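Worksheet: one structure, shown below.
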Amino acid sequence: MSAAAPTVITPEPLTGTAGPRRVLVSSVSSDSHTWNLVFLQLLIEEYGHSVTNIGACVPDDLLIAECRRHRPDMVVISSVNGHGHLDGRRLIARLRAEPDLADLPVVIGGKLGTRGAEGGSHAQALTEAGFDAVFEDSVGIGEFRRYLAAPGTRALRGAASAVPAL
């Protein structure tokens with residue numbers, strides 16, 4: 001009896017983009033998990049983008065400073081500890097209050113609440129708070145992959161980024 005060949009997922013080409021974009025990856029301030037950040041970095045790099053991974057437990061002030069220093073085209077926030085809906089709302093309010101970062105595309109995903117599916121969705125509240133997209137763990141990584149591959153994704157369009165390059 002032979003084992004089935006493993007499934008290989010190959011990223012779709014990013015149509016409608018003008019080459020690699022700069023993506024900053026981080027967690028919310030209370031989340032010490034790093035494996036998810038490494039996974040996201042590798043996934044985004046598979047799509048041809050340049051990733052700056054600033055790690056876990058990043059205070060809001062440091063994330064804002066790193067956005068100014070690196071001038072990313074998009075920020076990806078990940079949460080594994082379940083406090084993403086709380087820390088995320090505070091973080092996005094801080095980012096949107098900064099005139100030079102107010103239009104920066106920012107997405108959040110992962111375990112956003114501590115009660116799982118029974119706690120309901122946090123997507124609407126986080127979108128209303130200012131995130132461009134929300135990817136809850138219950139839908140898996142496929143939705144985020146589609147977002148990265150979609151030509152209409154604001155951060156990955158061929159037009160110039162809302163934040164000027166260095």
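Below, the figures for the structure above:
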quantity	calculated
Near pairs, Cβ below 9 angstrom, 6+ apart or cross-chain, from the range 24-35 (surrounded by fewer than 24 Cβ atoms within 10 Å (Cβ to Cβ)) to any residue that is of a type in the set (S, T, N, Q) and part of a loop (DSSP other than H, G, I, E, B)	SER30/ASN81; SER32/ASN81; HIS33/ASN81
Some residue of the range 105-116 being modelled with pLDDT under 75 and either of a type in the set (Asp, Glu) or surrounded by fewer than 20 Cβ atoms within 10 Å (Cβ to Cβ) (or both)	yes
Answer from ALA97, ALA125 - the residue that is among the small types (Gly, Ala, Ser) and surrounded by fewer than 14 Cβ atoms within 10 Å (Cβ to Cβ)	ALA97
Residues of the range 88-105 that turn out to be under 17 Å from SER121 (Cβ atoms) and without any contact (Cβ under 8 Å) to a residue 60 or more places away in the chain, as a count	2
Condition met for THR17 (modelled with pLDDT under 80, open to solvent by 80 Å² or more (accessible area, probe 1.4 Å) and not in a strand (DSSP E or B))	no
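One line per residue, one yes/no per condition, for (1) basic (Lys, Arg); (2) at pLDDT below 95; (3) open to solvent by 30 Å² or more (accessible area, probe 1.4 Å):
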| residue | (1), (2), (3) |
| --- | --- |
| GLY48 | no, yes, yes |
| ASN53 | no, no, yes |
| ILE64 | no, no, no |
| ILE77 | no, no, no |
| LEU91 | no, no, no |
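The values are calculated or read from the model by the stated rules, or taken from the named source; none is laboratory data. The model shown is predicted, which means the values in this text are computed figures rather than measured ones. In this analysis, Cβ positions are derived from the backbone assuming ideal geometry, glycine residues included, and neighbour counts consider all displayed protein chains. All accessible areas refer to the heavy atoms of the entire protein, side chains included, with ligands and DNA or RNA removed. Shrake-Rupley method; radii C 1.70, N 1.55, O 1.52, S 1.80 Å.
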